[in-house]
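Quick note: the coordinates plus some simple rules give every number you see, no bench work behind them. Predicted model, so just to flag it, every value in this text is computed and none were measured. Here the Cβ positions follow ideal geometry from the backbone for every residue, glycine too, while neighbour counts run over all protein chains shown.
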Amino acid sequence: MARDQSETTDRERLIAALSRVATQDRAALGEVYDRTAPKLFGVCLRISGNREAAEDILQDVYLKVWNRAGRFDATRASPITWLCAIARNTAIDWRRANGGPVLVSEDHAAEVPDTRDTAPERIEAAQDRARIFHCLDALDAKQGSAIRSAFFDGFTYAQLADRMKVPIGTMKGWIRRGLLQLRECLGDG
């Protein structure tokens, strides 16, 4: 019950913030951004398939929100649904303009969940992150750096090899051995 009340309060705050954005309130746009950017970035990334492009698309999304906030009608859609539709359509437009096929089914458009983790889920996730970082810190510095850059920053083997001035085969080996050590450290091996 408390979770439903929290979601209702979050929804009401987002509706109020969008209403203020319609009056050109920059702080309200910042609030909308803070509350929705991770979710909308996920939509943009899933459709574009490119992290840098998703960041650019997200900027376009918030520009559209700035210009269209007065059109939002809380009686017709939830604020997150409205925002996700803008993100989805902007990402699809980008995809089409850049010659790529649109890989999102029409049925999937309305399936953007608006869920929040419960406190126990957040605690468990924090503990898992702490274990992962502990295990990453236990790796050889080169392996740890390569794995962090690959998985957290999205670098490819080739980019990492060039960045660290090693052959690509060496980079692949570092990452493979590092992942095996991570698996063992995490107890999944």
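Below, the figures for the structure above:
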| quantity | calculated |
| --- | --- |
| Estimated vicinal HN-Hα couplings, Hz - the stretch 80-88 in sequence order (Karplus 6.51, -1.76, 1.60; Gly, Pro = x) | 5, 5, 4, 5, 5, 5, 5, 4, 4 |
| Partner lysines for LYS142 [C-alpha distance under 26 Å; skip if fewer than 8 residues away on the same chain] | LYS165, LYS172 |
| Karplus 3J(HN,Hα) series, Hz, for the stretch 138-152 with 6.51 cos²θ - 1.76 cosθ + 1.60 (x for Gly, Pro) | 7, 6, 4, 4, 5, 5, x, 5, 5, 5, 4, 5, 5, 8, 9 |
| Gained length - LEU186 relative to LEU63, 0.36 nm times residue gap less alpha-carbon distance | 40.0 nm |
| Förster radius 41 Å - calculated FRET efficiency between THR9 and ALA158, Cβ distance, rounded to 0.05 | 0.30 |
| Net charge contributed by nearby residues that have their C-beta within less than 15 Å of PHE155 (K/R +1, D/E -1) | +3 |
